1. To the nearest 20 debye, what charge dipole does the range 216-259 have about its Cα centre, counting +1 at the Cβ of each Lys and Arg and -1 at the Cβ of each Asp and Glu?
2. Please turn the phi angles of the range 13-24 into ³J(HN,Hα) values with the Karplus equation 6.51 cos²θ - 1.76 cosθ + 1.60 (θ = phi - 60°), one per residue in order, whole Hz, x for glycine and proline.
3. Among the trypsin sites (Lys or Arg not before Pro) in the range 160-224, which ones are in a DSSP loop with at most 15 other Cβ atoms within 10 Å of the Cβ? Mind listing them?
4. Pop a pseudo-label 7 angstrom from the Cα along the beta-carbon direction at both Ile206 and Leu53 and give the gap in nm to one decimal.
5. Using a/c under 1.5 as the rounded threshold, could you call the range 1-101 rounded, prolate or oblate? The axes a ≥ b ≥ c are square roots of the C-alpha gyration tensor eigenvalues, and prolate needs a/b larger than b/c, oblate otherwise.
6. Tell me the net charge near Ser172. Cut-off is 13 Å between Cβ atoms, Ser172 excluded, with +1 for each Lys or Arg and -1 for each Asp or Glu.
Amino acid sequence: MKKYTGEIIYILLGAAILAASFNLLLIPHQLLSGGLSGVAMLIGYFTDWNIGLIYFIGNLPLIVWGLIVIGRRFIILSVISVVATTWLMQIIPVTAITSEPLLGAVFGGVLGGIGIGISLKAGGSTGGFDIVGSIVTRKRDFPLGTFLFAVNGVVILALGYFKKDWDLALFSMLSMYLASKLVDTIHIRHVKVTAFIVTRHQQELIDKLVRLPRGVTVIQTEGAFTQTPQTMLMTVTTRYELAELKKHIFETDPKAFVNIVETTGIWGEFRRL
């Protein structure tokens with residue numbers, strides 16, 4: 001747990017922001033957030049069951065799936081997020097801080113997107129469809145927020161149909177749209193970059209980089225000033241994974257020269273299977 005201290009702080013911050021957006025802006029106006037939390041809200045509105053507990057129980061099978069597909073670190077952080085969000089939803093009173101549903105939708109979506117984005121950037125998730133989305137976007141390269149907005153359409157239709165109030169459904173859709181945009185702004189897994197690494201510790205660095213799910217190309221170069229033969233490694237990765245790449249590079253060769261450029265498109269195989 002000590003190893004995850006920084007990530008846990010971000011996860012708890014994201015959980016606090018998310019719980020506040022639920023209890024202070026969305027739930028008081030019978031609005032929905034996206035994903036599994038939106039399903040929990042929909043059930044809670046019709047049954048008067050505790051929405052936080054529905055959210056927690058619904059996350060359990062998805063957490064198990066994520067543990068199998070994604071790995072332990074992601075799930076540990078996601079469990080902390082789900083537990084913290086559930087607990088904070090019991091602590092924060094369900095009180096409308098604005099009497100206008102439109103303002104609740106706008107600011108609920110903005111705060112919800114920030115909370116989800118912070119949790120994802122820390123390496124975890126807020127559970128629910130975030131776990132499903134993280135699994136899907138590991139296989140397909142498109143923005144996670146866009147995926148979440150698409151799958152939330154079913155929840156929106158259910159709210160409008162069962163509540164017979166399409167104003168609430170449209171307000172909820174606005175909230176989800178804003179949240180998805182904030183998630184894509186903060187969570188940058190789909191943004192690709194190319195790293196050109198000039199190093200004299202070729203093999204040692206290659207041994208570390210080949211453990212990552214990206215390919216590495218070796219290019220023989222020569223310094224124009226020193227006329228010394230050197231090796232340049234080229235790899236395409238994501239901005240989300242750039243911090244881990246930087247760590248590997250400078251642990252191996254503190255004097256390495258690295259040029260990072262944003263990649264506008266990729267043809268061919270991006271992942272090393």
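1. 100 debye
2. 5, x, 5, 5, 5, 5, 4, 5, 5, 5, 7, 9
3. Lys164, Arg200, Arg211
4. 5.9 nm
5. In terms of gyration-tensor shape, oblate.
6. So the surrounding residues net to -1.
Read the figures in this text as sums done on the coordinates, not as results from a lab. Note that the structure is a prediction, hence the values are computed from the model and not measured. Positions of Cβ are backbone-derived with ideal geometry, glycine not excepted, and every protein chain shown enters the neighbour counts.
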